[in-house]
1. With the full set of protein chains in place, find how many percent of the accessible area of the chain is carbon and sulfur; take the probe as 1.4 Å.
2. Over all directions, how big on average is the projection of the convex hull of the alpha-carbon atoms in segment 43-122, in square nanometres?
3. Given the pairs 87/498; 240/314; 87/228, which are separated by over 28 angstrom at their Cα positions?
4. Where Rh is the Kirkwood radius over the Cα pairs of segment 446-523, the temperature 10 °C and the viscosity 1.306 mPa s, what D in µm²/s does Stokes-Einstein return?
5. Which net charge results for the neighbourhood of residue 82, defined as the other residues with beta-carbon distances under 9 angstrom from its beta-carbon, given Lys and Arg at +1 and Asp and Glu at -1?
6. By how many nm would the segment from residue 197 to residue 147 grow when fully extended, if each residue of separation counts as 0.36 nm and the alpha-carbon distance is taken off?
7. Based on the alpha-carbon gyration tensor of segment 104-238 and its eigenvalue square roots a ≥ b ≥ c, which shape applies: rounded if a/c is under 1.5, prolate if not and a/b is larger than b/c, or oblate?
8. Quick check on the chain: helices-only [θ] at 222 nm, where DSSP H runs of length 4 and up contribute -39,500 (n - 2.57) each and the sum goes over total residues. Nearest 500, please.
Amino acid sequence: MSNTPYDIVIVGAGFAGMYLLHRARGLGLTARVLEAGTDVGGTWYWNRYPGARVDIESMQYSYQFDEDLQQEWEWTEKYSPQPELLKYARHVADRHDLRRDIQFNTRVAAARYDEGQAVWTLEAEDGSTVQGRFYVMATGCLSVPNDPNLPGKDTFAGPTYVTGRWPHEGVDFTGKRVAVIGTGSSAIQSIPLIAETAAQVTVFQRTANYSIPAHNAPLDKAYEAKIKARYPQFRAEAKKTGPGFHAVFETDSVLDATPQERERRYRERWQQGGLGFLGCFADHMMTQEGNDYAANFLRDRIRSIVDDPETAEKLCPTNLIGAKRFCVDTNYYATYNRPNVALVDIRANPIEQVSANAVHAGGEAYGADILVMATGFDAMTGALLAVDIQGVGGARLQERWAEGPSSYLGLAIKDFPNLFTVTGPGSPSVFTNMLPHIEQHVDWIADCIGYMESRNYRRIEADADAEDQWWDHVQEVGAVGLKATVDSWYIGANIEGKARGMMPYLGGFPQYCEKCETVAAEGYAGFKLA
Ligand code: NA7
């Protein structure tokens, strides 16, 4: 690596890092992207498990900064599969000639701010260093896999695969006995496909999840043409919705509806499929009673699909619908009707140990040749804390966030000057359509740096009071309704020992964007510029 300070050093070559590099060049700044993988794509580079697929329609989960690109690119399916998303990322890298400023195979271990020089020095695991005046963590919200310590896991004789680190050459399950740990989105997407070729699939479920059919299909050409005819307006409308994507979000209360009207709307949304399901009323997340209506409807769907009543009951979630990430599937529940698929409730029968060729739970040994860990991620903070980031006055992010994160707008942290985080804790991030949010954050960061360059400012730092107030607001909004009452990775509950607290901002994407715009318009209110 070179020791000449770049204007901006960016960690991560996913959609955020790629777009920020493009914006940096547009500002006439030098930028270097450091990426642990061997290619661009981030999430879609790492998550190659069978069935990996975006759960927002591809016409909406795509870049909008390049109008020609969004007009020219043709998605083949309503919800793109991982290989197509990776192809898209590679296409964008080629189209904008990004790779020449991206250093692959480089995992950053530490970053230190030198106050006198006003530069950040990033150190990679191989000891090489690179410096930049600005430093941006574009490392994603779900990028560090959760690797639970199952007793005896290391004694397992067969291969263990982690959904978030899937081998590039794929996995052949033909004739194998496969044990899948976890029933979140990654498991729900992959189990139906694994079951098609495996001899036996045993699913170890700790918490049943709600899932809604994707009704995925080839992309309707007439629909595509209709959107492309007014793409910028279509995107602008999406930004006005709470989660930043098009769906019909009704504003009336589930409590005021007649039973017939509730049933009618639930059935209609079930037929439509996808994440818009809960948008059929405004307040599912406000009361237990309102939540129960939707939950009962989905539990009835599960019972109607799954033949074996005992398995169906185990698959019926008992927690609040919408508190954990809602899943979108293709044939998930029906897969349990296959003779080669079995479900083990490990809440009732905890895993005792893994041995050479079995997973032992509730006194039974379930034979396995392959172990699939679909156990999720150290969400929101995992990738940020994987780097030993040292700011000014001895501030260390790992210590600062030991009791939970705090940030100004999910963009900046006091005592860490010239460091920005893309979709960091305190921003709406995972509660929104990630790609438009990434673009909003990157634009904000690039505009801010452009503003500083034009006025000769060399240093920006979140003001302590502004950060505290924002974080209090994030917690206050996060406590409204029922979302925070259920253990989820949104509140850090999936990682043993992790501090609890609502990490994404629940106040809505439009409200958040307005706040960011006001901050910028007021000369970066809440930041100290020097
Ligand atoms: P998730 O949604 O966090 O799911 C992880 C699953 O693994 C979930 O069912 C967990 O059960 C289970 N898990 C985690 N740790 C353990 C242990 N120790 N033992 C047994 N089971 C465990 O991750 P995904 O990768 O599926 O999805 C992440 C996001 O990617 C998703 O929300 C979409 O946005 C795309 P738990 O519920 O914690 O009881």
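1. That share works out to 48 percent.
2. 7.7
3. In this structure, 87/498; 240/314 exceed 28 Å between Cα atoms.
4. Translational D for this selection: 107 µm²/s.
5. Once positives and negatives cancel, what remains is +1.
6. Length difference between fully extended and current span is 15.4 nm.
7. Oblate, because a/c is 1.5 or more while a/b does not exceed b/c.
8. So the helix-based figure for the chain works out to -9000 deg cm²/dmol.
The values are calculated or read from the model by the stated rules, or taken from the named source; none is laboratory data. Note that the coordinates shown come from a computational prediction; the quantities given were computed from them, not determined experimentally. Note: ideal-geometry Cβ built from the backbone for every residue, glycine included; neighbour counts use all protein chains shown. Protein only, heavy atoms only, side chains kept; ligands, DNA and RNA dropped before computing areas. Shrake-Rupley method; radii C 1.70, N 1.55, O 1.52, S 1.80 Å.
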